[in-house]
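Each remark here refers to the structure printed beneath this line.
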Amino acid sequence: MFTSLIRPLSRGSQITKVLVTSNNVAKFSTSGALQKDYQDILTESHGKVGLITLNRPKALNALSSHLFHEVNNALEKFDDDTNISAIVITGNERAFAAGADIKEMMEKSFAEVYKTSFLGHWGKINDIKKPIIAAVNGFALGGGCELAMSCDIIYAGEKAVFGQPEIKLGVIPGAGGTQRLVRAIGKSKAMEIILSGRNFSAQEAERWGLVSKVLPVDKVLDEAIRLGQEIAGLSQPSIQAAKESINRAFELSLKEGCHSERKLFYSLFALKDKKEGMEAFVKKREPKWTDE
């Protein structure tokens, strides 16, 4: 089911497999096949793009605490890996992730979720410096929609279905849904979606600005990886500065945000890549980035 979604990027291209040993030290070998290095996810790399595949197909990739801890672990490893410059998160054709694991939450009490800061670990994705692209097919509901929105860019298959149906369970989104959806599509539309609990299509998501691009089902992952490779081919300090500056726009006033942007802009003048990029432009040649 999963291998069918991963097609060669080019003839003869090499895939580098991330192998996680029992002591969680990442090692590398070359292989095109997915391996179950974790229990609930699969990890591999396509050149400088790290790929995380949610792998609970029988549960439609329901986001259990265990699965999300594995996602966080893989994200941190890719973020620390100097051979990786962008990350893609995907599921399968039936589901990116059909929500949080309701069976896990059903018997939890207020005291338990409060004392353990239940879902608090979902916030770790916000600390990842490298760009994260969600490649979404099938259902992205509840926690699945929240996970996709936690990524920096969303590519969706034409049959993808999004939604925040938590209201139908007697609760509300608890992993950023009320905050990120309103920032992406505006108050009125976010209110409609969350208060009714209705699902919406990939085409609607694109029209409202939640999704960057809608693609045929069998092209979503390929195109997400291609975008990751395009980003990986640029100066990484600049890429990470741009991501940081864009994310700050949601937290700062316009004046504060422009001031923050300007400071990050100034900081890049200390790098060799700034000189290389401008010199290459003037001389009409391709730049040779060193990430320094």
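The values are calculated or read from the model by the stated rules, or taken from the named source; none is laboratory data. If you're wondering where the values come from, they're calculated on a predicted model, not measured in any experiment. Counting neighbours? That spans all protein chains shown, and the Cβs are built from the backbone with ideal geometry, glycine included.
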For this session: Mind listing just one residue for me: the one in the range 81-97 that is closer than 30 Å to residue 240 by Cα and over 16 Å from the mean Cα position of the chain (by Cα) and, of those, surrounded by the most Cβ atoms within 10 Å (Cβ to Cβ)?
Result: 81
Problem set entry | Subset of the range 226-239 (residues that are in contact with a helix residue (DSSP H, G or I) (Cβ under 7 Å, 6 or more places away or on another chain) and either part of a helix (DSSP H, G or I) or acidic (Asp, Glu) (or both)) | 231, 237, 238, 239
For this session: Kindly list, by first and then second residue, each pair from a residue in the range 152-176 that is outside the structural domain of residue 120 (by TED's automatic domain parsing) and over 21 Å from residue 93 (Cα atoms) to a residue that is in a loop (DSSP other than H, G, I, E, B) and aliphatic (A, V, I, L, M), limited to pairs with Cβ atoms under 8 Å and residues at least 6 apart or on different chains.
Result: none
For this session: Name the one entry in 280, 270, 202 that is surrounded by fewer than 14 Cβ atoms within 10 Å (Cβ to Cβ) and over 16 Å from the mean Cα position of the chain (by Cα).
Result: 270
For this session: Could you identify the single residue in 215, 210 that is farther than 22 Å from residue 122 by Cα, touching a helix residue (DSSP H, G or I) at 6+ places or on another chain (Cβ under 9 Å) and of a type in the set (A, V, I, L, M, F, W, C)?
Result: 215
Seminar exercise, completed: Within the range 153-165, residues out of contact with any Gly (no Cβ under 6 Å at 6 or more places or on another chain) and surrounded by 18 or more Cβ atoms within 10 Å (Cβ to Cβ) come out as 153, 154, 155, 156, 157, 160, 161, 162, 163
Problem set entry | Residue list for the range 64-84, restricted to those being over 12 Å from residue 121 (Cα atoms) and either in contact with a helix residue (DSSP H, G or I) (Cβ under 6 Å, 6 or more places away or on another chain) or assigned to a helix (DSSP H, G or I) (or both) | 74, 75, 76, 77, 78, 79, 80, 84
Problem set entry | Condition check for residue 242: without any contact (Cβ under 8 Å) to a residue 60 or more places away in the chain, in contact with a Phe, Trp or Tyr (Cβ under 8 Å, 6 or more places away or on another chain), assigned to a helix (DSSP H, G or I) and surrounded by 15 or more Cβ atoms within 10 Å (Cβ to Cβ) | no
